[in-house]
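Novice: Have a look at this one.
Quick note: the coordinates plus some simple rules give every number you see, no bench work behind them. Note that this is a predicted model, so its numbers are computed, not measured. When we count neighbours, we look across all protein chains shown, and the Cβ atoms used for this are built from the backbone with ideal geometry, even at glycine.
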Amino acid sequence: MKVMVLPSAADAEHHVAALFAKQLRRKPDSVLGLATGGTPVGVYRALAAAHRAGAADFARARTFNLDEYAGLPETHPQSYAAYMKAHLFDLVNLSPARTHLPDGEAANAEDACRFYDALYRYYGPADLQLLGIGLNGHIGFNEPGFAPAPGGTHVVRLDESTRRANARFFGEGEQVPEYALTMSAGRILQARSIVLLATGAAKATIVVRALEGPIGTDCPASLLQLHPDATFVLDIEAAGKLEPETAAGPPLERG
Ligand code: F6R
């Protein structure tokens with residue numbers, strides 16, 4: 001596992017955006033795996049700027065998001081479909097037909113999962129997958145102790161801690177959905193290259209668990225230790241509790 005520590009969250013976001021822009025230049029028809037939440041907002045802002053500057057062309061790219069809330073229409077401002085439009089899709093030259101998220105408002109969520117997984121198996125795996133990390137170590141919405149999902153994308157019940165953490169995005173009196181559709185950890189690990197971005201002191205403890213702890217489903221992000229090309233990109237605060245030798249990473253990977 002590679003670890004890269006950068007001085008600030010903005011530096012870390014720009015570094016990750018640059019990795020995506022480089023991926024698009026190297027392979028214009030890349031399949032990009034995307035995440036939502038607070039952490040990647042700055043990455044998408046930087047990618048949209050790179051696009052305006054002519055340094056990131058999405059015309060032939062295809063995107064797959066990790067997850068979507070069950071029961072939220074895509075027009076709901078907190079749906080991940082709306083998030084992606086606001087933060088990236090409407091700001092770059094990505095045709096809607098080439099952007100994919102699980103269908104959170106499908107009448108039959110299991111069918112929607114099967115369809116999404118079939119699409120991913122057809123077009124994927126992702127050449128480059130962006131991940132955040134939940135305070136409890138989740139990746140996508142694979143919560144600690146998750147059961148294997150042989151079918152790939154599946155419906156999950158969100159941990160109460162995840163619902164509390166995400167309540168900050170919802171209006172007062174609005175409930176965070178109880179269920180979500182998520183790509184499985186197994187599918188996520190199929191990506192050719194993975195970059196997990198974590199910023200801020202609140203993530204420091206779980207980053208230690210994921211990078212220095214044993215590999216286990218009690219911390220889904222620890223499974224990334226099994227991946228041949230996974231990089232944690234951290235700001236100083238998120239890296240603040242790591243052992244110095246972990247934070248240093250291999251010499252060539254230092255920020
Ligand atoms: C979002 C996702 C989640 C988030 C995680 C961290 O698509 O898959 O795993 O990456 O909950 O969220 P933030 O960035 O809001 O701390």
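Novice: Could you grab me the full set of residues in segment 159-173 that are of a type outside the set (Gly, Ala, Ser) and either crowded, with 23+ Cβ neighbours inside 10 Å or part of a helix (DSSP H, G or I) (or both)? Walk me through how you get there before you give the answer.
Specialist: If we filter segment 159-173 for residues that are of a type outside the set (Gly, Ala, Ser), which is where we start, we get 159-160, 162-164, 166, 168-170, 172.
Within segment 159-173, 160, 162, 163, 164, 166, 168, 169 qualify.
Novice: So if I check each of 204, 191, 210, which one is assigned to a loop (DSSP other than H, G, I, E, B), within 14 Å of the ligand (Cβ to nearest atom) and among the small types (Gly, Ala, Ser)?
Specialist: Values: 204 fails: assigned to a loop (DSSP other than H, G, I, E, B); 210 fails: assigned to a loop (DSSP other than H, G, I, E, B).
When all the criteria are applied, what remains is 191.
Novice: Condition first: of a type in the set (Lys, Arg), over 20 Å from residue 125 (Cβ atoms), surrounded by fewer than 20 Cβ atoms within 10 Å (Cβ to Cβ) and away from the ligand (no atom under 13 Å from the Cβ). Can you find one or more residues in segment 71-92 that meet it? Before the answer, list the steps.
Specialist: In the first step, residues of segment 71-92 are kept if they are of a type in the set (Lys, Arg); the result is 85.
From what's left, over 20 Å from residue 125 (Cβ atoms): 85.
If we keep only those that are surrounded by fewer than 20 Cβ atoms within 10 Å (Cβ to Cβ) as well, we get 85.
In the following step, the residues that additionally are away from the ligand (no atom under 13 Å from the Cβ) were identified as 85.
Yes, that holds for at least one residue.
Novice: Still on this structure: Using beta carbons and a limit of 7 Å, which pairs, at least six apart or on different chains, have the first residue in segment 150-173 and of a type in the set (D, E, K, R) and the second one more than 14 Å from the ligand (Cβ to nearest atom)?
Specialist: 157/178; 157/179
This table checks each residue for (1) away from the ligand (no atom under 15 Å from the Cβ); (2) outside any loop (DSSP other than H, G, I, E, B); (3) under 16 Å from the mean Cα position of the chain (by Cα); (4) on the phi < 0 side of the Ramachandran plot.
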position	(1), (2), (3), (4)
104	no, no, no, yes
110	yes, yes, no, yes
116	no, yes, no, yes
121	yes, yes, no, yes
130	no, yes, yes, yes
136	no, no, yes, yes
146	no, no, no, yes
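Novice: Also, quick follow-up: Against the condition closer than 17 Å to residue 140 by Cβ and either surrounded by fewer than 18 Cβ atoms within 10 Å (Cβ to Cβ) or over 13 Å from the mean Cα position of the chain (by Cα) (or both), how does residue 217 come out, does it pass?
Specialist: On the way: closer than 17 Å to residue 140 by Cβ: yes; either surrounded by fewer than 18 Cβ atoms within 10 Å (Cβ to Cβ) or over 13 Å from the mean Cα position of the chain (by Cα) (or both): yes.
Spelling it out, residue 217 is indeed closer than 17 Å to residue 140 by Cβ and either surrounded by fewer than 18 Cβ atoms within 10 Å (Cβ to Cβ) or over 13 Å from the mean Cα position of the chain (by Cα) (or both).
Novice: OK, next. Could you grab me the full set of residues in segment 172-183 that are within 12 Å of the ligand (Cβ to nearest atom) and either touching a strand residue (DSSP E or B) at 6+ places or on another chain (Cβ under 7 Å) or over 22 Å from residue 69 (Cβ atoms) (or both)?
Specialist: Here is the first cut: in segment 172-183, the ones within 12 Å of the ligand (Cβ to nearest atom) are 176, 180-183.
Hits for segment 172-183 are 180, 181, 182, 183.
Novice: Also, quick follow-up: Of all residues in segment 148-158, which are within 13 Å of the ligand (Cβ to nearest atom) and not in a loop (DSSP other than H, G, I, E, B)? Outline the logic, then answer.
Specialist: Of segment 148-158, the ones within 13 Å of the ligand (Cβ to nearest atom) are 153, 156, 158.
Correct list: 156 only.
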